[in-house]
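The values are calculated or read from the model by the stated rules, or taken from the named source; none is laboratory data. Bear in mind the structure is a predicted one, so any value in this text is a computation, not a measurement. Positions of Cβ are generated from backbone atoms using ideal geometry, with glycine treated the same way; all protein chains shown enter the neighbour counts. We work out accessible area using only protein heavy atoms, side chains counted, and drop any ligands, DNA or RNA first. Shrake-Rupley method; radii C 1.70, N 1.55, O 1.52, S 1.80 Å.
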Amino acid sequence: MADPSSYRPKPGQIPDSPGVYKFRDEHRRVIYVGKAKSLRQRLANYFQPLTSLHPRTATMVTTAASVEWTVVATEVEALQLEYSWIKEFDPRFNVKYRDDKSYPYLAVTMNEEFPRVQVMRGAKKKGVRYFGPYGHAWAIRETVDLMLRVFPVRTCSAGVFKRSAQIGRPCLLGYIGKCAAPCVGRVTPEEHRELAEDFCDFMAGRTGAYLRRIEQQMMAAAEDMEYERAARLRDDIEALRKALEKNAIVFNDATDADLIAVAEDELEAAVQIFHVRGGRVRGQRGWVTDKVEAVDTAGLVEHALQQLYGEETGDSVPKEVLVPALPEDAEAVSGWLASRRGSNVSLRIPQRGDKKALMVTVARNAQQALALHKTKRASDLTTRSRALEEIAAALDLDSAPLRIECFDISHLQGDDVVASMVVFEDGLARKSEYRRFQIKSFEGQDDVRSMHEVISRRFRRYLAEKVRTGEWVEEESQEGAEVIGAEPGGLPAAVSGEVSALQEEDGRPKRFAYPPQLLVVDGGQPQVAAAKRALDELGIDDIAVCGLAKRLEEVWVPEEDDPVVLPRSSEGLYLLQRVRDEAHRFAITYQRAKRTKRFKAGPLDAVPGLGDTRKQALIKHFGSVKKLRSATIDEICEVPGIGRKTAETLAAALAEAAPAAPAVNTATGEIIEEDDGGSTP
């Protein structure tokens, strides 16, 4: 625990201007990011007597070991930089909302030649129009099914589309009138894109004019005695009205707004957002967060706005945002939202009327979400705490292991040997810090030697980072240690080669710089001994080591002849099993991916310096590897992007590579003549 006075800036050193500041801990990891109109006034608040600070703020300043800041020109720039740093560094003491689910969106891929309507989750992609989010994927599919009658836009995957184009026959939707069948040329790319744009306009809320236009077409068809077409248009109108009925009308006018409500207690807060487009509720989502910093409702609203609109541009940011409390720098936040949208955005608190009534509904949803979350988490939080306490007691640790790292080795009969490292913090997986390794020092099957190499590499990175930040203090080598040399500044010789690999800006979370309290290996006594030996060779003696053997689920510790046996009902054993199984899953996934890549490799993959783009260009030019193999160097040089040196290297590599074995028809036993002479990239 650091004394804040030990790193307090000198008087007059902090500028009296807008800016963003970062607190770092002893490992140079950014733990808090904030912004201020006046850096001098804001930072002075953190260096008051600890008794006068909020308990959460006191915990943060005593965890920190340094503070630094960046001056900006305006408060809007400070808001943008604060959001960027929170996203980049993932500080542990900043409020971070987490979605309780991955919400599905209705997406239209306008970036493709033939736009496709589909359900999408995850990060948004450029050139794709999104509508939602929706509570359930089935709600999207019901809406799309109704609208495809009027807007027969393509919904099939790229594979189905390509197959239909090859055979000249559309899929079932093309036959029943729910797809315009651009795959077989029933409509031109321009006509299909116009359908997709009409679909997007209707989903964006521009419904009244379109319905009136179809009604006029229906009446005109009836007057011309085209009764079948009139009946078809009548059914189209009914389908569109049914789709509209699925979105509740909340405002009579064409209001575009997002309503944000917050429910909170001393420890947690829940945020609910209703997306209103064209006067109808088009989507809803919710977030929950731990209040790890001293923040009020206005601060929670500001954090929610940053997360909600930080990656959005254009119409994704509505004209109006209604909130329960205005942020401290409401004018700056409004300016930031306007810069994201490209036009003015109204940020205000609803005072009366329909908008005030809807805000009450959103707030009620937030209260229910917080109550439901606390009910779910209560038992889970208690269980995780008990599991960590049981592990600490079983392994005789000084405190509960808040950070656990687990390593596993995976291979297939000695081939494609890889290893995985998974990280659990507070009993929960932290997937952003997972790592995977390829075994480099030898070939073949030797799990013990592989474990020693991986542990050594992981903690050499840790020591290298300590050296880079000036934390390493040269100590006398332990008796019998293999690493006894040292570079200038106290760096062990075995570690010096790792510094060059750490060129990123310090403070980011994706590092090897944060040590675990407990290191777990998948295996028994030999693997545990190898891991402990690797730590001893590096002079690391403050990390506990254990192994979990699969056969009897025994916990092995170094230099002990007998394992530690935890009861089968133990929460601690269950947590260790989860950690071990996750490491095994992560390792075997990587090993299978490497094996698949090796099996799919063709003769062109062995040519050094030949990337996928030039491989594809070669195959496109010659038609097959067989024809490429018989080409001259001058003919190879005719391919765009292929120089003479590359052509000579390619010709030599193909001449050395043995031709692939002939294919055999398993039904007749006949040898099939090869047209391509090898696999394509």
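When GLU75 is tested against the conditions (1) more than 23 Å from ALA270 (Cβ to Cβ); (2) touching a Pro at 6+ places or on another chain (Cβ under 6 Å); (3) surrounded by 21 or more Cβ atoms within 10 Å (Cβ to Cβ), the lone failure is (3).
Among what's in segment 495-542 and is of a type in the set (A, V, I, L, M) and surrounded by fewer than 18 Cβ atoms within 10 Å (Cβ to Cβ), pick the residue that is modelled with the highest pLDDT. Among them, the one singled out is ILE540.
Of all residues in segment 337-352, which are basic (Lys, Arg) and either open to solvent by 70 Å² or more (accessible area, probe 1.4 Å) or under 17 Å from THR297 (Cα atoms) (or both)?
Just the residues of segment 337-352 that are basic (Lys, Arg), to begin with: 340-341, 348, 352.
Selection gives ARG348, ARG352.
Do we find a residue being hydrophobic (A, V, I, L, M, F, W, C), modelled with pLDDT of 85 or more and in contact with a His (Cβ under 8 Å, 6 or more places away or on another chain) anywhere in segment 361-376? Among the residues of segment 361-376, not one is hydrophobic (A, V, I, L, M, F, W, C), modelled with pLDDT of 85 or more and in contact with a His (Cβ under 8 Å, 6 or more places away or on another chain), which makes the answer no. Number of residues in segment 543-576 that are assigned to a loop (DSSP other than H, G, I, E, B) and open to solvent by less than 100 Å² (accessible area, probe 1.4 Å): the value is 10.
With a cut-off of at least 2 residues that are under 28 Å from the mean Cα position of the chain (by Cα) and within 21 Å of ARG340 (Cα to Cα), name the helices (runs of 4 or more DSSP H) lying wholly within segment 34-98.
Details: elements: 39-46, 55-63, 75-89.
So the answer is 75-89.
Within segment 159-182, if we keep just the residues that are part of a helix (DSSP H, G or I) and closer than 26 Å to ASP235 by Cα, the residue that is farthest from the chain's Cα centre (by Cα) turns out to be TYR175. Looking across segment 305-333, just one residue is under 23 Å from the mean Cα position of the chain (by Cα) and either aromatic (Phe, Trp, Tyr) or closer than 18 Å to GLU266 by Cα (or both), and that is TYR309.
Output yes when any residue across segment 213-234 is in a loop (DSSP other than H, G, I, E, B) and either buried (at least 18 other Cβ atoms within 10 Å of the Cβ) or modelled with pLDDT of 85 or more (or both), and no when none is.
Taking segment 213-234 as the starting set, the residues that turn out to be in a loop (DSSP other than H, G, I, E, B) are 224-226.
Next, only the ones that are either buried (at least 18 other Cβ atoms within 10 Å of the Cβ) or modelled with pLDDT of 85 or more (or both) stay: none.
The answer is no; no qualifying residue exists.
Screening GLN48, GLN80 for residues that are surrounded by 15 or more Cβ atoms within 10 Å (Cβ to Cβ) and farther than 29 Å from ALA371 by Cα leaves exactly one candidate, GLN80. Considering only residues in segment 183-204 that are small (Gly, Ala, Ser) and assigned to a loop (DSSP other than H, G, I, E, B), the one that is farthest from ASP235 (Cα to Cα) turns out to be GLY185.
Restrict the check to segment 280-288 and report whether at least one residue is farther than 29 Å from ARG92 by Cα, open to solvent by 10 Å² or more (accessible area, probe 1.4 Å) and touching a residue at least 60 places away in the same chain (Cβ under 8 Å).
Yes, that holds for at least one residue.
Only one of these is at pLDDT 55 or above and either surrounded by 19 or more Cβ atoms within 10 Å (Cβ to Cβ) or of a type outside the set (D, E, K, R) (or both): GLY489, GLY470. Name it.
Numbers: GLY489 fails: at pLDDT 55 or above.
Of GLY489, GLY470, the one residue that is at pLDDT 55 or above and either surrounded by 19 or more Cβ atoms within 10 Å (Cβ to Cβ) or of a type outside the set (D, E, K, R) (or both) is GLY470.
Identify, please: which residue in segment 161-179 is more than 16 Å from THR109 (Cα to Cα) and of a type in the set (A, V, I, L, M, F, W, C) and is, among those, surrounded by the most Cβ atoms within 10 Å (Cβ to Cβ)? Looking at residues that are more than 16 Å from THR109 (Cα to Cα) and of a type in the set (A, V, I, L, M, F, W, C), I get CYS171. Just one of (1) in a strand (DSSP E or B); (2) free of Cβ contacts under 8 Å to residues at least 60 places away in the same chain fails for HIS275. It is (2). If you go through segment 628-641 and keep only what is under 16 Å from THR613 (Cβ atoms) and surrounded by fewer than 18 Cβ atoms within 10 Å (Cβ to Cβ), you end up with PRO640, GLY641.
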